[in-house]
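See below for the structure under consideration.
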């Protein structure tokens with residue numbers, strides 16, 4: 001048998017790689033060499049074809065292993081970055097500083113009044129002004145006078161930061177909650193200064209709203225002064241009016257008494273009669289002395305009967321005049337003088353009460369003037385040059401830190417549960 005294979009037999013043992021077009025070998029050596037090359041190429045191609053699908057498989061496996069971290073931490077962070085970087089509208093902050101103080105703080109000097117912690121006015125008054133700035137009344141006032149709802153419902157605002165938005169209602173309560181987030185007033189207890197901050201989507205709107213709030217706050221202080229003044233002087237004013245009413249009543253009684261007695265002033269009108277009685281008493285004493293002397297010196301003198309008749313006439317006249325002054329009938333002066341003097345005494349007491357009430361009213365007015373409150377604007381509402389909000393980097397960092405904390409806490413809880421279960 002011939003050892004050398006024929007050409008046709010060699011072709012039967014050739015491995016033809018489907019990936020490489022090769023010609024049939026002409027000898028056994030060439031056949032072996034081509035066969036080795038074919039298997040080597042096939043192995044390399046097979047390895048290459050197996051390595052290519054492994055790369056996406058590793059990426060998917062990495063994503064699958066970290067899907068919770070990506071979903072809990074990275075996905076919200078990417079959403080926040082997209083919103084604050086592409087969608088969020090700029091918001092402008094206008095700021096002003098004011099102080100609420102009393103009149104007493106003006107005397108030491110303006111600088112001392114501003115730097116004092118209390119500012120001359122009570123801290124409760126300052127807090128009252130701050131509460132009013134962020135109150136429903138202030139929000140209603142700004143809606144009516146400054147079209148505040150249109151300020152926050154502008155086309156320049158994004159769908160999340162504007163009002164109304166897709167997740168809030170359109171009622172006033174929803175707007176008031178939105179208002180308190182964009183208008184703030186804070187007190188620095190060390191300096192006594194209050195800071196007003198107004199945030200809108202337009203720089204001029206922020207300045208305009210801040211000025212309107214300061215004007216409304218000043219009006220509130222004036223109303224507080226008026227109420228405080230009225231409360232302080234109302235008691236003194238009522239006492240004075242009551243005293244004047246009593247004085248009028250006594251004067252009416254005096255007028256009625258005068259009409260009843262037909263005398264303007266019984267005491268004064270009785271003075272001439274008393275003087276006459278005093279003169280008659282003097283004449284009677286003189287006549288009596290003369291009569292006694294004549295009786296002792298010349299008992300038979302013809303003047304004695306004359307003087308005796310004069311004494312009798314004087315006694316009769318004195319008796320009649322005395323009855324007019326202090327008689328038992330209604331025409332005597334003594335009862336009239338007594339009633340009149342009683343009324344005059346009452347009037348004098350009430351006049352003193354009126355004088356005291358006048359002095360108390362003047363003192364209350366002076367005290368009320370001293371306790372007047374004033375709202376002084378230390379700095380005017382400024383016109384912002386650039387948007388202060390939103391603070392994109394800080395907000396994105398807050399979202400990332402918050403979600404990372406949630407993820408770590410959840411991981412710790414799950415790890416603890418697994419450890420407890422294994423035990």
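Does the range 207-214 contain any residue that is part of a helix (DSSP H, G or I) and over 16 Å from residue 141 (Cα atoms)?
Going through the range 207-214, the residues part of a helix (DSSP H, G or I) turn out to be 207-214.
Next cut, over 16 Å from residue 141 (Cα atoms) only: 207.
Scanning the range 207-214, I find at least one residue that is part of a helix (DSSP H, G or I) and over 16 Å from residue 141 (Cα atoms), so the answer is yes.
From the list 195, 126, 191, which one is assigned by TED's automatic domain parsing to the domain that holds residue 381, part of a strand (DSSP E or B), farther than 30 Å from residue 86 by Cα and in contact with a strand residue (DSSP E or B) (Cβ under 9 Å, 6 or more places away or on another chain)?
After applying the criteria, what remains is 195.
State which residue pairs qualify: first residue closer than 10 Å to residue 277 by Cβ and inside the range 305-324, second residue at pLDDT 75 or above in any location, beta carbons under 6 Å apart, and separation of 6 or more residues or different chains.
317/280; 318/280
Conditions (1) modelled with pLDDT under 80; (2) surrounded by fewer than 16 Cβ atoms within 10 Å (Cβ to Cβ), marked per residue:
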position	(1), (2)
318	yes, no
335	yes, no
338	yes, yes
343	no, no
346	no, no
349	no, yes
352	no, yes
358	no, yes
366	no, yes
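(1) at pLDDT below 80; (2) assigned to a helix (DSSP H, G or I); (3) in contact with a helix residue (DSSP H, G or I) (Cβ under 7 Å, 6 or more places away or on another chain): which one isn't true of residue 290, the others all being true?
Only one criterion in (1) at pLDDT below 80; (2) assigned to a helix (DSSP H, G or I); (3) in contact with a helix residue (DSSP H, G or I) (Cβ under 7 Å, 6 or more places away or on another chain) is unmet by residue 290, namely (1).
Going by the structure shown, is residue 407 modelled with pLDDT of 90 or more and either over 26 Å from the mean Cα position of the chain (by Cα) or over 16 Å from residue 78 (Cα atoms) (or both)?
Values: modelled with pLDDT of 90 or more: yes; either over 26 Å from the mean Cα position of the chain (by Cα) or over 16 Å from residue 78 (Cα atoms) (or both): yes.
So residue 407 passes the test.
All but one of (1) outside any helix (DSSP H, G or I); (2) exposed (fewer than 15 other Cβ atoms within 10 Å of the Cβ); (3) touching a residue at least 24 places away in the same chain (Cβ under 8 Å) hold for residue 166; which doesn't?
Here residue 166 meets the rest and fails (3).
The values are calculated or read from the model by the stated rules, or taken from the named source; none is laboratory data. Please read these numbers as outputs of a predicted model, since none were measured by experiment. Using ideal geometry, Cβ is built from the backbone for each residue, glycine included, and neighbour counts are taken over all protein chains shown.
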